[in-house]
Amino acid sequence: MTGTGRRGVMTAVGMAALPVAAGAQAQGGGPLAADVPLVLPRTEFVWEAVVDLAPTMMLGEGPMGERRMVPITGGTFTGPRIRGRVLPGGADRQLIRKDGVRRLDALYEMQAEDGAVITVHNKVVVAPVQGAEDYRHSTLEITAPEGPHAWINRLAFVGTLHSLRPRMAVLVRVYSLV
């Protein structure tokens, strides 16, 4: 490699990750991390969805683990500002890693009572916890059309996932970060 090369890039990245010592001058005269107040994010409940599922389709073993797909067949959602139905046709693609962690990647649409169609991309991590309930948290990218639900396009979302067995469904709770 020419120029800074791989080692130079790695050194620059490594140094950028080092914390600035208290009282030290930031390079370039910018604010120090100690000068910025620590604000912890809060959450606000947005909706909960009961998502109906078809049986799991096994897609075979891949280099990163077992691959599966779970078709989404419908459902409902309700929250303080919006409610409606989960549309059939989406799917949850899953990777079950050798360490037992499941990475879920669901893409589906929901239709609000007023007819607006909202797209949900939910990325979930399900990790076993010794002697306790599994870790089941997600980040969501949600988009809505312009109009009464455009507020959705201006927020960041996190969520939880719970199985509703023996019913072929899951409960997805969605929260905005505020």
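Worth a mention:
- Coil-residue trypsin sites (Lys or Arg not before Pro) of the range 29-75, DSSP, other Cβ within 10 Å capped at 10: R42
- Cleavage-rule hits, chymotrypsin sites (Phe, Trp or Tyr not before Pro), the range 54-147, DSSP coil, Cβ neighbours within 10 Å at most 10: none
- Extension gain (nm, one decimal) between Y135 and R42, 0.36 nm per residue minus Cα-Cα: 31.5 nm
- Calculated FRET value between L155 and V125, using beta carbons and R₀ = 30 Å, to 0.05: 0.90
- Nonlocal amide H pairs with L32, under 5 Å, H built at 1.01 Å: none
None of the figures in this text is laboratory data; all of them are computed from the coordinates on show. Note that the coordinates shown come from a computational prediction; the quantities given were computed from them, not determined experimentally. Using ideal geometry, Cβ is built from the backbone for each residue, glycine included, and neighbour counts are taken over all protein chains shown.
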